[in-house]
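The values are calculated or read from the model by the stated rules, or taken from the named source; none is laboratory data. Keep in mind it's a predicted model, so treat the numbers as computed, not measured. Heads up, the Cβs are rebuilt from the backbone with ideal geometry, glycines too, and the neighbour counts pull from every protein chain shown.
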Amino acid sequence: MEKAQPNNNNAATRENLYVLSLIRGVALLGQVLALIYFTYVQPIGLPVAEIAFVLSVYGSLTAAIWIRSRRAVPIGDREFFVHLLADIAFFSILLFFSGGASNPFVSYLLIPISIAAITLSRRYSIAIAVIALLGYSLLLKYHVAIAALAPSHHQGAASNSLHILGMWANFAISAAIIIYFISRMASTLKQQEQEIAMRRDAQLRDEQLLAVGTLAAGTAHELGTPLNTMKLIVDEMLLDTDNQSDVMLLNQQIEQCKTTLKQLLTTAEESQSNQLEAQPVQLYLDNVLARWQLMRPLLKSHIQFTDSPAVNAVFHPTIAQSILNLLNNAADASEQVDIEISWDTEIVTMRIRDFGAGLDAAKLETLGQPFVTDKADGLGLGLFLSQATLTRFGGSVSLQNAPEGGTVTQIRLPLLATAAVS
C-alpha cells in the first residue's frame, strides 16, 4: 500500500542540529578563552565590549538550539540551513571586530561549508559556500584593524595585499572542492543507505511471506477434512429440508471453498513452471470478476470498463488472488461496490469504491503490515499479501477515504512487468 513513510530525514536533521550545537559550544569556549587571554594576559587592542556582547548572544543562541534539538519537534533542512547561515553571520561579526580577513581564524568559515556539503542538498550547500565567500570578501575591506593580527610591516604593501588575496583564493578553492567532492560523496552514501534500507525491508517482507505461505499450506491441508464433512451433511439436508434455497447457497459456498483449496495447489504448481501463457486482458479480468461475484452472490456490484485497447499479457497466478483479496475487503465494508477498470498497452488501473465507514485514521499508517487490520474479525493478512504480491510485479495499491464516505482502493499493475514473468 502506498502511504507516507516515517520521516527518517527529520530524525537525521535533528541529530545533525545537536552535533552542530556541540560544535558551536566548542567554538564558543575557544573564543571566550581567546578573548580572556588577549585581554588580560597579552592585550592586543581588541574591542572587548563589542566582542563580549556578540559572544553572549551567540552563547544564548547555542543553548537555545541545543534545547531545541533535544525536543520532539520537526526540524527540516531549511531550518538547518538557517542555523548554518546564523553561524556564518555571527562568526563574520566576530572577525569584523578582530582584524577581518587578516585574522588567522578566518578559515573557520570552511566549517559551515563542510557541514552543509555533508548534510544538505547541493542547492543549499552552494548557497552556504557563496554566502561564506561573500562574508570573507567583505571582511577584506570592512573590519576593525588589529595591529598585532595585520600582516608584517617589514614587507611591502603589495606583498601584504598579495598575501591577503592568496588567503582569499585558497579559501575559495577549498570551498569549491568541499562542495563538489564532499557533497557528491555524501549524496552517494545517502543513496546507498536508502538502497540498503529498501533491501532490508524487502528481505523482511519476503521472510514474512514465507512464514504466511507455510502457515497457509498447513491450514489448507487441515481444512480439507471439515469441508468434506460439511459437504456430506449439506447433501443430506438438501433431501428433506423445506428451505432448500438457503441450503443450496450454503452448498455453493462449500464448493467454492473446496475449489479455492484446489486452486491453491494449482497456483503453486503454475508458479514453479515457466509455461505461463499470454491472454487478453479483458478475458482475464472478466474471469477474476466472475469468480469474485460467485463468492459474493448477495453483493450489489457495478462494474464499468472504459474503452481500452485489445492487449494480451501474462499474469502470474498470484495476481488474481491479490485482486480478489482487495475486492473482498471492499465487499466486507459495504453491500455495494463500484468498480472502474481501464488499461492501455503498459498498465492496468482498477478503482474499487465501497460505501462503508472508511479507514480509521489512527490505523492508516500501519495498514498493509502483517496482522494489522481495521476489521473486528479480520486477520490482517489480505492487504499485506496483496500489497506484497503486486509490488513484486511492479504494481501498487493505494487506499484513501472518499470525500462522500467509504474507501477508494486503486490498483495499478504494469502489463510489461507481468509479461516479463518467468
- Task: Exactly one condition in (1) modelled with pLDDT under 65; (2) loosely packed, with under 14 Cβ neighbours inside 10 Å is not met by THR267; state its number.
- Result: (2)
- Task: Give the stretch 306-318 a look and list any residue that's modelled with pLDDT under 85 and either more than 14 Å from LEU415 (Cα to Cα) or assigned to a helix (DSSP H, G or I) (or both), or say none.
- Result: ASP307, PRO317, THR318
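Mind listing whichever residues of the stretch 117-153 are among the hydroxyl-bearing types (Ser, Thr, Tyr) and crowded, with 18+ Cβ neighbours inside 10 Å?
As a first pass, look at the stretch 117-153 and keep what is among the hydroxyl-bearing types (Ser, Thr, Tyr): 119, 121, 124-125, 136-137, 142, 152.
Correct list: THR119, TYR124, SER125, TYR136.
Let's see how each residue does on (1) at pLDDT below 85; (2) within 30 Å of LEU383 (Cβ to Cβ); (3) part of a helix (DSSP H, G or I); (4) hydrophobic (A, V, I, L, M, F, W, C):
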position: SER21; (1), (2), (3), (4): yes, no, yes, no
position: VAL32; (1), (2), (3), (4): no, no, yes, yes
position: GLY45; (1), (2), (3), (4): no, no, no, no
position: THR62; (1), (2), (3), (4): no, no, yes, no
position: PHE105; (1), (2), (3), (4): yes, no, yes, yes
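Any residue at all in the stretch 393-404 that is at pLDDT 80 or above, out of contact with any Pro (no Cβ under 6 Å at 6 or more places or on another chain) and in a helix (DSSP H, G or I)? First the steps, then the outcome.
The initial filter retains those residues of the stretch 393-404 that are at pLDDT 80 or above, namely 393-404.
Within this subset, residues satisfying the condition of being out of contact with any Pro (no Cβ under 6 Å at 6 or more places or on another chain) are 393, 395-404.
Adding the requirement that they be in a helix (DSSP H, G or I) leaves none.
Scanning the stretch 393-404 turns up no residue that is at pLDDT 80 or above, out of contact with any Pro (no Cβ under 6 Å at 6 or more places or on another chain) and in a helix (DSSP H, G or I).
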- Examine the stretch 295-318 for a residue that is of a type outside the set (Ser, Thr, Tyr), closer than 15 Å to THR407 by Cβ and surrounded by 15 or more Cβ atoms within 10 Å (Cβ to Cβ), and state whether such a residue exists. no
- What are the pairs, 6+ residues apart or on separate chains, where a residue within the stretch 71-84 that is among the β-branched types (Val, Ile, Thr) has its Cβ under 8 Å from a residue that is at pLDDT below 85? ILE75/ASN10; ILE75/THR13; ILE75/ARG14; ILE75/LEU17; ILE75/ARG68; ILE75/SER69
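Considering only residues that are of a type in the set (S, T, N, Q) and farther than 14 Å from GLN256 by Cα, which ones fall in the stretch 275-312?
GLN275, GLN279, GLN282, ASN287, SER301, GLN304, THR306, SER308, ASN312
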- Item | the stretch 18-39, residues that are over 19 Å from VAL82 (Cβ atoms), hydroxyl-bearing (Ser, Thr, Tyr) and surrounded by 14 or more Cβ atoms within 10 Å (Cβ to Cβ) | THR39
- Query: Only one residue in SER114, SER174 is at pLDDT below 75, touching a helix residue (DSSP H, G or I) at 6+ places or on another chain (Cβ under 7 Å) and surrounded by 15 or more Cβ atoms within 10 Å (Cβ to Cβ). Which one?
  - Reply: SER174
- Query: Of VAL32, VAL41, VAL48, VAL54, which residue is in the same structural domain as ILE128 (by TED's automatic domain parsing) and either under 24 Å from ILE128 (Cβ atoms) or under 30 Å from the mean Cα position of the chain (by Cα) (or both)?
  - Reply: VAL54
- When THR389 is evaluated against the numbered criteria (1) at pLDDT 65 or above; (2) exposed (fewer than 14 other Cβ atoms within 10 Å of the Cβ); (3) outside any loop (DSSP other than H, G, I, E, B), which criterion, by number, is the only one it fails? (2)
